[in-house]
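*Asks:* One structure follows; several queries about it will come next.
The values are calculated or read from the model by the stated rules, or taken from the named source; none is laboratory data. Quick caveat, the model's predicted, so the values are computed rather than measured. When we count neighbours, we look across all protein chains shown, and the Cβ atoms used for this are built from the backbone with ideal geometry, even at glycine.
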Amino acid sequence: MPSTLPTPRAMFLVLYWLAFACLAAVAATDPGYAPRWLPLPPFPWFGLVAVWTMLGLGVFGLHIVFGKPWTYRRRLLVALGAYGTLAFLFVVTWVTDNPGLACVPGWFVLLTFIGLVVLGIAHAIASAACRFRSAP
């Protein structure tokens, strides 16, 4: 009988999305450049849901890239397509009136990129160590 429990990778990706979703919710409370003597603008629910959706699409893209037995070239093309889409959505949804909420997708892309680079370096070191140990 197959297990219905989520894999550790899926749980990590959900927690990764949840961390950035909470960061976006906290950042959305900043009223931006509104003068303090005027009434505060309404809470940006539409922008917050849009950011949550973009983060969800980014995490789902990571799930697809790491869940399939693809070649390195295909994974790279998919990752570049996902990052290109995220960058486009980040530029399109830029709101100068609410700087905190607008920066969250950029932070997500940057942290994910750094994580992928570290993962690639770790994989390269592990491969070299395996080759070194198996050498005669």
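*Asks:* What are the residue pairs meeting all of these: first residue in the range 72-84, first residue over 10 Å from residue 62 (Cα atoms) and hydrophobic (A, V, I, L, M, F, W, C), second residue at pLDDT 70 or above and crowded, with 16+ Cβ neighbours inside 10 Å, Cβ atoms under 6 Å, and 6 or more apart or on different chains?
*Replies:* none
*Asks:* A further question follows. Among the residues of the range 22-36, which ones are at pLDDT 80 or above and either in contact with a Lys or Arg (Cβ under 8 Å, 6 or more places away or on another chain) or surrounded by fewer than 18 Cβ atoms within 10 Å (Cβ to Cβ) (or both)?
*Replies:* Within the range 22-36, 22, 25, 26, 29 qualify.
*Asks:* Does the range 4-20 contain at least one residue that is surrounded by 10 or more Cβ atoms within 10 Å (Cβ to Cβ), in contact (Cβ under 8 Å) with a residue 12 or more places away in the chain and either over 21 Å from residue 67 (Cα atoms) or acidic (Asp, Glu) (or both)?
*Replies:* Yes: one or more hits.
*Asks:* Still on this structure: Here is a list of conditions, (1) more than 15 Å from residue 50 (Cα to Cα); (2) at pLDDT 70 or above; (3) in contact with a Pro (Cβ under 8 Å, 6 or more places away or on another chain), and residue 81 meets all of them except one; can you say which number that is?
*Replies:* Here residue 81 clears every test but (3).
*Asks:* Step by step: first the residues of the range 42-63, then only those that are of a type in the set (Val, Ile, Thr) and surrounded by 13 or more Cβ atoms within 10 Å (Cβ to Cβ), then the one that is farthest from the chain's Cα centre (by Cα). Which residue is that? If you could, list the steps in order and put the result at the bottom.
*Replies:* In the first step, residues of the range 42-63 are kept if they are of a type in the set (Val, Ile, Thr); the result is 49, 51, 53, 59.
Within this subset, residues satisfying the condition of being surrounded by 13 or more Cβ atoms within 10 Å (Cβ to Cβ) are 51, 59.
Working: 51: 11, 59: 5 Å.
The selected residue is 51.
*Asks:* Considering only residues that are in contact (Cβ under 8 Å) with a residue 40 or more places away in the chain and over 16 Å from residue 103 (Cα atoms), which ones fall in the range 34-56?
*Replies:* 34, 41
*Asks:* Using beta carbons and a limit of 9 Å, which pairs, at least six apart or on different chains, have the first residue in the range 89-110 and closer than 14 Å to residue 59 by Cα and crowded, with 17+ Cβ neighbours inside 10 Å and the second one at pLDDT below 70 and β-branched (Val, Ile, Thr)?
*Replies:* Within 9 Å, the pairs are 105/93.
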